[in-house]
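These notes concern the structure reproduced below.
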Amino acid sequence: MLDALLITRMQDEMTAALHVTENEEGFETGADGLMALAIAQHQANFELWHEEDKARVPGVADTEIVRVKHAIDALNQRRNDLVEKMDLWLMARLEQDPIAPLHSETPGLMIDRLSILALKIYHTREEAHRASATEEHRSRNVGRLALLAEQRQDLAGCLDVLWSEVLGGRRRFKLYRQMKMYNDPELNPAVYGRS
């Protein structure tokens with residue numbers, strides 16, 4: 001049901017594929033269940049990463065920054081909604097021990113962190129091999145790449161341990177709603193105060 005190695009492998013493969021097909025709509029897959037949600041969530045992170053880069057381009061027009069900010073808000077909402085959907089999907093398929101110690105982070109949040117690490121690894125690897133960069137720059141990024149790989153391996157191991165403990169009744173998690181307010185016209189005073 002949940003396997004960190006399969007998830008990180010999918011994230012790496014999808015990151016590479018999306019960089020080739022960046023302008024095309026969607027990422028075709030036959031996955032379903034948790035993996036389909038993890039794929040959609042990773043695609044939201046991929047799109048979010050690249051939208052944020054657009055606002056960092058030197059000399060970018062203010063109108064483009066406004067467009068990008070709105071796109072970032074929508075993508076962030078989708079990303080968080082998909083984290084919750086992953087957790088809900090998992091919770092619907094297991095019986096957790098209500099007296100087991102509570103884990104502070106959900107599997108969905110851990111999968112989200114793995115997704116971001118996959119993007120960091122991909123882009124750091126690019127920098128480690130960029131021909132136009134200095135040797136010092138490439139060397140620094142080789143070191144960063146090793147650290148990112150270690151962090152991802154640690155986090156993936158923690159996800160597998162958490163899942164094993166949940167299945168064994170030794171640990172539990174619960175849904176933590178993100179309660180994002182910035183996209184809700186009834187909760188964000190910057191929006192409702194304008195009318």
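The values are calculated or read from the model by the stated rules, or taken from the named source; none is laboratory data. These numbers come from a predicted model, not from an experiment. Backbone-built Cβ (ideal geometry, glycine too); neighbour counts: all protein chains shown. Note: areas computed on protein heavy atoms with side chains; ligands, DNA, RNA excluded. Shrake-Rupley method; radii C 1.70, N 1.55, O 1.52, S 1.80 Å.
Some observations on this one:
- Residue within the stretch 175-191 that is closer than 18 Å to residue 45 by Cα, out of contact with any Cys (no Cβ under 8 Å at 6 or more places or on another chain) and assigned to a helix (DSSP H, G or I) present: no
- Positions within the stretch 80-95 being assigned to a helix (DSSP H, G or I) and open to solvent by 40 Å² or more (accessible area, probe 1.4 Å), in sequence order: 81, 85, 88, 89, 91, 92
- Filter result (closer than 15 Å to residue 177 by Cβ and either out of contact with any helix residue (DSSP H, G or I) (no Cβ under 7 Å at 6 or more places or on another chain) or not in a helix (DSSP H, G or I) (or both)) within the stretch 62-79: 77
- Test result for residue 116, open to solvent by 30 Å² or more (accessible area, probe 1.4 Å), under 27 Å from residue 160 (Cβ atoms) and β-branched (Val, Ile, Thr): yes
- A residue that is among the hydroxyl-bearing types (Ser, Thr, Tyr), at pLDDT 95 or above and over 30 Å from residue 50 (Cβ atoms) occurs somewhere in the stretch 158-181.
- Filtered by the rule that a residue be aliphatic (A, V, I, L, M), at negative phi and open to solvent by 30 Å² or more (accessible area, probe 1.4 Å), the stretch 146-179 gives 146, 147, 149, 161, 167, 175.
- The condition (being more than 11 Å from the chain's Cα centre (by Cα), in contact (Cβ under 8 Å) with a residue 12 or more places away in the chain and loosely packed, with under 14 Cβ neighbours inside 10 Å) is satisfied by just one residue among 98, 58: 98.
- Some residue of the stretch 71-79 being closer than 24 Å to residue 172 by Cα and open to solvent by less than 60 Å² (accessible area, probe 1.4 Å): yes
- Residues (outside any loop (DSSP other than H, G, I, E, B) and of a type in the set (D, E, K, R)) located in the stretch 40-61: 47, 51, 52, 53, 54
The rows are residues; the columns are (1) open to solvent by 30 Å² or more (accessible area, probe 1.4 Å); (2) at pLDDT 95 or above.
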{"site": "2", "(1), (2)": "no, no"}
{"site": "9", "(1), (2)": "yes, yes"}
{"site": "12", "(1), (2)": "yes, yes"}
{"site": "31", "(1), (2)": "yes, no"}
{"site": "39", "(1), (2)": "no, yes"}
{"site": "44", "(1), (2)": "no, yes"}
